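Below is one structure, written out as structure tokens; the observations come after it.
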Number of protein chains: 4
Amino acid sequence: MTRALPKPAGSSKARTGKTVRLSKAEQALPLQQRLVLVATRLFAAQGYDATSVQQIVEAAGVTKGALYHHFTCKDDVLYEVYHHVLAEQTRRMEEIADGPGDAAQRLAAVVGDVIASSVANLDELIVFFRSMHLLPEAQQKTVRAERRRYHLRVRRLVEEGQRAGVLTTEVPADLAVHFVYGAIHQIGTWYSDSGPLTADEIAQHFERLVLSGLRP
Amino acid sequence: MTRALPKPAGSSKARTGKTVRLSKAEQALPLQQRLVLVATRLFAAQGYDATSVQQIVEAAGVTKGALYHHFTCKDDVLYEVYHHVLAEQTRRMEEIADGPGDAAQRLAAVVGDVIASSVANLDELIVFFRSMHLLPEAQQKTVRAERRRYHLRVRRLVEEGQRAGVLTTEVPADLAVHFVYGAIHQIGTWYSDSGPLTADEIAQHFERLVLSGLRP
Amino acid sequence: MTRALPKPAGSSKARTGKTVRLSKAEQALPLQQRLVLVATRLFAAQGYDATSVQQIVEAAGVTKGALYHHFTCKDDVLYEVYHHVLAEQTRRMEEIADGPGDAAQRLAAVVGDVIASSVANLDELIVFFRSMHLLPEAQQKTVRAERRRYHLRVRRLVEEGQRAGVLTTEVPADLAVHFVYGAIHQIGTWYSDSGPLTADEIAQHFERLVLSGLRP
Amino acid sequence: MTRALPKPAGSSKARTGKTVRLSKAEQALPLQQRLVLVATRLFAAQGYDATSVQQIVEAAGVTKGALYHHFTCKDDVLYEVYHHVLAEQTRRMEEIADGPGDAAQRLAAVVGDVIASSVANLDELIVFFRSMHLLPEAQQKTVRAERRRYHLRVRRLVEEGQRAGVLTTEVPADLAVHFVYGAIHQIGTWYSDSGPLTADEIAQHFERLVLSGLRP
DNA sequence: GATGAATGAGCTTTCATTCAT
DNA sequence: CATGAATGAAAGCTCATTCAT
């Protein structure tokens, strides 16, 4: 017996009694969006497997049948979260990447923007990195493909900067992108609204840190 | 079991038929370590909730009774994975942080070392970030406390470097640490043995990227 | 429904993906008959319980509301199948039984006719014997009463033959009827359109087999 | 609205509140056999789909987990019923068919025996013909193959009789077998312990009816 | 008349965990 | 120490049926 740990009180599922409260505006959303919203919060707080469909529908104020009227299965709800995050993030990134400024400036802008939107949607970020692997293989493939497209677009931005001489060629572009996004994607594990820094301040520091490493 | 019928495909548990094969050396490990090892691989591949106790004991070649002899419950196995990772990483980091060289050099060495050991134990890294939130609150607290101690030690190293003038004071030490480790902790999401760069090369690039950002 | 995900294989309902195609003439039937027709085929192919109301209405090209407008409940659809089979079979049998010829000749004619109409409506026959027990007790009673009436009429025909000396008195009339219909009612379990014998040939053989056993 | 039928009181499942009572001897059976026994009775009374696993385990005095420890799924329990019936019936038939006497005598003996054993195990007979089609396709195939083997053996017996001149060649052997067994397999739909004839009397009459039809 | 969203009840199955042997 | 049968609780999902529009 390795150690006598205090036994968890209840079942291993529903690890926290977490309930989600919705604002007036959120309650007015169409049921499908309301369910995704509620599910995102619960998945972020407890994990996908540990969140029961029952918890989701209770938090949304409907019954299971209603959920299964809008989604084919629980996986589908999770997939919807990804779909939402990825589509939004990709859209924003591309708008900046395809915009004006030199490549280094645009990269910095992308970093700043993605930090802002990550902080604004922390739950989605958390769910994304903790639970993607729980999707059925087929859907994981789709998600990974979308992510790769995102990654490749940013890599092209870095390569453009390298060719233009505003970013160092010493670091392979691929690795540079991983480096940049690594720091950002981990924000969910430590950021807190009540921390000493605002999202903006974090974004500025990160822009600087990232860019100074990538300058020639 | 009367007869082995093909399992229904849709089962949300056992998402992959993943089985784990152990090397000769690993098979010779004491049962407790063997179980943790096998569990780590399964948790990394399928997630904690999606891995059944049955799968773990089958992969380790024993029966449930044996597992429950060594661990109080399934949570305890997961906790053991963390204990193992954290203890080892902390030991290595402190050895370097308390060693010779200026603060910036030691920080670079820490970064290099933690990347090396992360790549060498990818499964543990993956489980750590994906499944920590699934532990009962009590154990999460313990783990978070250990992580904070680790974080604080590295922060002290950064502060030392700032005071010594070898690291910039423009970035808060706390944020600097988050930045450094963010990139490292995400390695599990993209690193592959068959990728273009060796762990060593990645480590060198990351050291450079990190340090150039933190130089005054 | 957000997206069409492949259905999990193991679902105990919808055992086969059976869909029913209707001929032009059948599509022109009034909705109520069309629903009964479609339901008969689905019940025969999958069983009553395994066929969902959804499948029925989809196959008929309408929505649930339409079905519930014509039938009080799913049971009612099944009952309608019986009603249809029984009324038709009784009508034909009585026409022959009340017609010309000696009792043995009329019995033979009944056998021939019932085989012909059973083969022509195999699905109804199958549903009849597989699913009658699934009706609510009250409706089962009604159906059983109708069947008994049918049975008694044929028994009277046999008794008439016995009195007239054209059928043996060694076999109780009741048992004789069970014997005769046993063979016929099982046709659904082995008959195939592509088998070596036509319905007519089967009918002729069965007439001979039955009658030679019942001759004095 | 076709007709106003009295609505079924409860859910469509568990159509009857049927409970099964076990004799002392039956209660002493190993759990696996006890479950099959209880399930056979419930399936015969209510149908397979309409019988819940809950009903089975309650009648057997255990919990669901116990059932799933011995069977992989509900289908498996049904399959076990078939396996049991078929193996037993085949064994008995082959013993007689391979025994002494001319082919007609052996055929008569087979008929007598199968009636006796059908009456002795009416529930199994009923389940067999009503619910076989509810098995997954793979298992249906197996069952059909076993049945075909049985059918072929009896057909060979008929053919032997035809060659020996003790059975008519006017009726194709295949059809003859279908005819013989048709009557027998329907026994479940009308036989009652409290009816006017004993199983023995029925058997004797059927032997006579069948054989006189098949004599040259 | 017909639709589509929603309900409520129940179903099969899974699984961590216990315990007599 | 270890096993294998069994428990108890919950989970995901389906479906007949209702009802506002």
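Throughout, read-outs are computed from the coordinates displayed, never taken from laboratory work. Just so it is clear, the structure is predicted and the values come from calculations on it, not from any experiment. Note that each Cβ is placed from the backbone with ideal geometry, even for glycine, and that neighbours are counted across all protein chains shown.
For the reader, a short list of remarks on this structure follows.
- Distance between the range D:142-214 and the range C:185-216 - C-alpha centres, whole angstrom: 13
- Rounded, prolate or oblate (a/c below 1.5 giving rounded, otherwise prolate when a/b exceeds b/c) for the range B:74-214 by Cα gyration tensor: oblate
- Selection among B:216, B:167, B:35 by position relative to the dipole of chain B gives B:35 as farthest towards the positive end (Cβ unit charges, Cα centre).
- Among B:44, B:109, B:164, residue whose mean-square fluctuation peaks in a GNM of chain B (springs only between Cα atoms under 10 Å): B:164
- Taken over the range A:148-195, the convex hull of the Cα atoms encloses 98 Å³ per residue.
- Using a 7 Å projection from Cα along Cα-to-Cβ, the label point at residue C:66 is separated from the same position in the remaining copies by 2.9, 5.0, 6.2 nm, smallest value first.
- For chain B, the longest principal axis of the C-alpha atoms and the axis of helix B:122-131 are separated by about 80°.
- Normalised by the number of residues in chain C, the average gap of Cα pairs under 8 Å and 6 or more apart makes the relative contact order 21 percent.
- Charge dipole of the range C:74-214 about the Cα centre (unit charges at C-beta), most positive-ward option of C:104, C:86, C:142: C:142
- For the range C:24-70, alpha-carbon Rg and Dmax in angstrom: 10.0, 28
- Of D:22, D:177, D:198, farthest towards positive along the dipole that unit charges on Lys, Arg, Asp, Glu beta carbons give chain D: D:22
- For the protein assembly as shown, a/c is not less than 1.5, where a ≥ b ≥ c are the root eigenvalues of the C-alpha gyration tensor, and a/b tops b/c. That puts it in the prolate class.
- Partner aspartates and glutamates for residue A:74 [C-alpha distance under 14 Å; skip if fewer than 8 residues away on the same chain]: A:49
- When residue D:53 is represented by a point 7 angstrom out along its Cα-to-C-beta vector, the spacings to that point in the other copies are 1.5, 1.9, 2.6 nm, nearest first.
- Counted charge near residue A:172, where neighbours are those whose Cβ lies closer than 13 Å (Asp, Glu -1; Lys, Arg +1): -2
- Ranked list, fewest to most other Cβ atoms within 10 Å of each Cβ, for B:98, B:174, D:49: B:98, B:174, D:49
- Other-chain or far-sequence residues with amide H under 5 Å of residue B:72's (modelled H): A:2, A:3
- Taking Cα atoms only, the orientation of helix C:31-46 departs from the longest principal axis of chain C by about 80 degrees.
- Nearest 10 degrees, 0 to 90: helix B:199-214 Cα axis against chain B principal axis: 40
- Only Lys, Arg (+1) and Asp, Glu (-1) charged, at Cβ; chain A dipole about Cα centre in debye: 760
- Relative contact order (percent, whole number), the range D:24-70, Cα cutoff 8 Å, 6+ residue spacing: 36
- Inter-copy label distances at residue D:215 (7 Å, Cα→Cβ; nm, one decimal): 1.1, 11.5, 11.5
- Calculated FRET efficiency for the pair residue D:29/residue C:98, C-beta based, R₀ 45 Å, to 0.05: 0.25
- The spacing between the range B:65-128 and the range D:36-72, judged by their C-alpha centroids, is 50 Å.
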